[in-house]
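Below: the structure, in structure tokens.
Derivation of every value follows stated rules applied to the coordinates shown; laboratory data play no part. The model shown is predicted, which means the values in this text are computed figures rather than measured ones. Cβ: placed from backbone, ideal geometry, glycine included. Neighbour counts: every protein chain shown.
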Amino acid sequence: MIFRVIEKAELRSLFTMLSAANRVIGPVGVGLDRSGRQLYGFEEVHDFDRVALDYTMTSLSAKKYFLPYREIMATFTMDNKDWQKRIDYNIDAPFVFFGMHACDINALNRLDKVLMGSVYPMPYYAAKRKNAFIIGIGCEPQPNCFCRSMGTDTALHGFDMFITDIGDRYFIEIQSDTAFNFLKKIRTGEPVEADHLSFMKTGAGKNEKFAASVDTTDLTKILDMEFQSEVWKQWGDKCLGCGTCANVCPTCYCYSVEEEVSIDLTAAAKVKKLYSCNLIDFAVVAGGHNFRPERHSRLKYRYYHKHRGFVEAYEESLCVGCGRCGEACLADITVPEVIASVREGRKTDGQ
Amino acid sequence: MDNKLPFNDVIDQRHHRRSDLSSFEYTHKAEITSIHKLTEQENLYRIQIIDPAERERFEFRPGQFLMLELPGIGDAPFSISSPPSRKGDVELCIRKVGGLTSFLSRVERGTHVGIRGPFGTSFPMEKMYGQNIMLIAGGLGLAPLRTPISYVQENRSRFNNVDIIYGTKDPLQLLFTYQYDMWRADDMRLSIIVEKPDASWQGRTGMITRVIEEIFEERDDAFFRNTYAIVCGPPIMFKFVCSMLNQKDLPMQKMFVSLERRMHCGMGKCCRCNVGSTYTCLSGPVFDYWTVMNLKEAI
């Protein structure tokens, strides 16, 4: 791996250079919540001063730029008994993602495995993923963050360059030749031993700040053992089945396909819409049978897929510990609490 | 100075080790060439891929499914009911039960539909050479079972004893009645049982497990050691049937079942068909019973 250090002011030059010729997405402040706390979102930015480099966590993940909530997969023109299908993989121009945390980069790496690495690679996703120039940035653990437990607190690959604040300067990991070439156009320096030490100190400091954690020891087996546990029922009673967790999740990729027909019946669009396994009709088959009619069975399946099924298939969890679902849940259901209660066979908050 | 990012054309980046990126969502255009009413609820549709070269390339194995696409209506998975040797000239036995299938029951011959696939796992027919086969179907389960039956028919000398065991609610629901004599003529023993007989019914009455008990009485243990079973039907039925067969020391890995789930893609992307820790469309629909036993809430 190639490292560089830059003066802090040089980051503005990098941004200006990139944004002059490309669409740039970055973290920006998008308002305050009810208690006056700053909320962030990933939006298109043109002005470096708007980029919130020290953002805590965006309410929604970066998912919408890779897996849009609504996407037209194909269109049809129809004429009596015949029709023509036109497939469009929606390949847009390359874009810059300026400032993504390690958890979100790791989330994309997990999605890559299912959406690009399996038997039927998905061009809709691949087109966006392969054309995203991703600049990662270090972060401060938030109260709900448990990425360290999931092994996703550092990103090993899946980005072009990664910026870490080492006090007076930025330390940069370079992973692509595109990034290398862009960095040649600004003033950079070779890191010296003191920079390495600062970098390591930053990492160690971050590790001490995690408040939430999940014990993943033997978790796949425990989820099998506790499949019939009463605990699921209790969480199910709390769950509203609204699907908010999947909406904010950086790795929830399931979808539903619907056809929209024009009013004169001569055209139709095949539309992919992100869905949630917590919604009631997720597993309804023709004839009306629902394989998971109860809220608790759907909630359990969500955990089962993230922490059991995906681990079996890819040897790592689909959950990256970003904590967004716990933050967004209207019923205050958080992953660390659910997993802890399943491990103990009882709900921990005494309800 | 050009600061534009380089463009990656993903479509040209062929995944040479696996399937091709640019085949995603590819639909074969096909024509419904005949519609044959089997019962009040089920029709048999013969659907032919229009392009002769595509039709020839559409190779599938017994147990696989395809996604049938009706533009403006949607797409849904169906087991293929025709012999693999007929390739892209397939037959689908479809019950009128939801929106898409109700629409399908009203279309006319000559309508153009779309076919994606074939998808999913299949029954390992070659492994069964030289062995006895029990083909067990309940209700609409005969639709997916008709493909292995025709495979056995076409390669009859490669298999030992062949038993087809078929049970339905009542005689009116029996599918493919016009084929029974042909199956028998090909030295496949067909045992039919109905739960609720009508006045004209002369055959067996009861649950499908009764027929299996009869076979248990007639065959010795050695028979079951050299037997494969293919079981299609409602989950409750194959649960009973498979545990009965397992008592006779028929290994669970020699029993195959086909699962049914909702699907929106058929390619392991939409998650709708997840069962236990896996997907029905990629790891299934054909599973051996040992795998099914290890999948949570599969049956």
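For the range A:55-187, divide the Cα radius of gyration by the Kirkwood radius and give the resulting Rg/Rh value with two decimals. Don't jump to the answer; show the numbers that get you there.
Numbers: Rg = 18.3 Å, Rh = 17.0 Å.
So for the range A:55-187, dividing Rg by the Kirkwood Rh gives 1.08.
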Under a 5 Å amide H to amide H cut-off, with H placed in plane at 1.01 Å, what residues pair with A:Met100 once short-range neighbours are removed?
-> A:Ile135, A:Gly136, A:Ile137
Unit charges on C-beta of K, R, D, E only; dipole of chain A, Debye | 400
Just list whichever of A:Lys8/A:Lys201; A:Lys8/A:Lys128; B:Lys127/B:Lys169; A:Lys233/A:Lys306; A:Lys8/A:Lys63 have alpha carbons separated by over 21 Å in the model shown.
-> A:Lys8/A:Lys128; B:Lys127/B:Lys169; A:Lys8/A:Lys63
Would you grab the residues whose amide H sits under 5 Å from the one on A:Val45? Only those 5+ places off in sequence or on another chain, please, with H modelled 1.01 Å from N.
-> A:Val24, A:Ile25, A:Gly26
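Write down the percent of antiparallel bridges among all DSSP beta bridges whose residues are both part of the protein assembly as shown, to the nearest 5. List each step's numbers first, then the result.
On the way: 73 of 108 bridges.
Of all bridge pairs located within the protein assembly as shown, approximately 70 percent are antiparallel.
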Mind listing P(r) for the range B:167-299? All alpha-carbon pairs, 10 Å bins, whole percents.
-> 11, 33, 33, 20, 3
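Arrange the following residues from fewest to most other Cβ atoms within 10 Å of their Cβ: B:His112, B:His264, B:His36, A:His157.
Numbers: B:His112 20, B:His264 24, B:His36 13, A:His157 10.
Listing B:His112, B:His264, B:His36, A:His157 from fewest to most nearby Cβ atoms yields A:His157, B:His36, B:His112, B:His264.
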The cysteines in chain B that find no other cysteine Cβ closer than 4.7 Å to their own Cβ are B:Cys93, B:Cys232, B:Cys242, B:Cys273, B:Cys281
Starting at the first residue of the range B:132-137, write each ³J(HN,Hα) from the Karplus equation 6.51 cos²θ - 1.76 cosθ + 1.60 with θ = phi - 60°, in whole Hz, x for Gly and Pro.
-> 7, 10, 10, 9, 10, 10
Would you compute, for the Cα atoms of chain B, the largest minus smallest coordinate along each principal axis and list the three values in descending order, in whole Å?
-> 85, 42, 36
Karplus (6.51, -1.76, 1.60) ³J(HN,Hα), θ = phi - 60°, over the range B:113-125, in Hz, Gly and Pro reported as x | 10, x, 10, 10, x, x, 10, x, 7, 9, 6, x, 4
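Viscosity 1.306 mPa s, temperature 10 °C: what is the translational diffusion coefficient of the range A:196-327 from Stokes-Einstein with a Kirkwood Rh over Cα pairs, rounded to a whole number of µm²/s?
Details: Rh = 17.7 Å.
In µm²/s, the coefficient is 90.
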Most positive-pole-ward Cα, B:Met128, B:Asn155, B:Phe287, against dipole of the range B:125-293 from beta carbon charges | B:Phe287
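Rounded to the nearest 20 Debye, what is the dipole magnitude of the protein assembly as shown about its Cα centre when Lys and Arg each give +1 and Asp and Glu each give -1 at the C-beta? Don't jump to the answer; show the numbers that get you there.
Values: 80 positive and 82 negative charges, 84 e Å.
Roughly 400 debye, rounded to the nearest 20.
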Scan around B:Asn274 for amide H atoms under 5 Å from its own, H built in the peptide plane at 1.01 Å from N, and keep only partners 5 or more places away or cross-chain.
-> B:Thr280
Quick one: Karplus J couplings for the range A:207-215, per residue in order, coefficients 6.51, -1.76, 1.60, θ = phi - 60°, nearest Hz, x for Gly and Pro?
-> 4, 6, 9, 6, 9, 9, 8, 10, 8
Gap in Å between the Cα centre of the range A:44-89 and the Cα centre of the range A:3-18?
-> 29
Antiparallel %, DSSP beta bridges [both residues in the range A:1-130], to 5 | 75
Give the cross-link partners of B:Lys248 among the aspartates and glutamates, using a straight C-alpha distance below 14 Å as the criterion and excluding same-chain residues fewer than 8 apart.
-> B:Glu213, B:Glu214, B:Glu217, B:Glu218, B:Asp220, B:Asp221
Along principal axes, largest first, the alpha-carbon spread of the protein assembly as shown in whole Å comes out as 91, 58, 46
Obtain the nm distance between the two label points defined at A:Asp49 and B:Tyr26 by a simple spin-label model: each point lies 7 Å from its Cα along the Cα-to-C-beta direction.
-> 5.3
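Kirkwood Rh and Cα-based Rg: tell me the resulting Rg over Rh for the range B:23-119, rounded to two decimals.
Details: Rg = 12.3 Å, Rh = 13.2 Å.
Computed over Cα atoms, the ratio is 0.93.
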Under 19 Å from the B:Asn3 label point (7 Å along Cα→beta-carbon), backbone N, the range A:96-120 | A:96-100
Solvent-free Debye scattering, log10 I(q)/I(0), computed from the Cα coordinates of the range B:79-150 at q = 0.11 Å⁻¹ | -0.36
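On average over all directions, what projected area in square nanometres does the range A:203-261 have, based on the convex hull of its Cα atoms? All intermediate terms of the calculation are to be shown ahead of the outcome.
Values: hull surface 31.9 nm².
One quarter of the hull surface, i.e. the mean projection, equals 8.0 nm².
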For B:Asp249 and A:Ala267, FRET efficiency with R0 = 51 Å and r from the beta-carbon atoms, rounded to 0.05?
-> 0.30
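Using unit Cβ charges (K, R positive; D, E negative) and no other charged atoms, how large, in debye to the nearest 20, is the dipole of the range B:23-119 about its Cα centre?
Details: 13 positive and 13 negative charges, 40 e Å.
With Lys and Arg at +1 and Asp and Glu at -1, about 200 debye.
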Among beta bridges that DSSP assigns inside the range B:23-119, antiparallel share in %, nearest 5 | 100
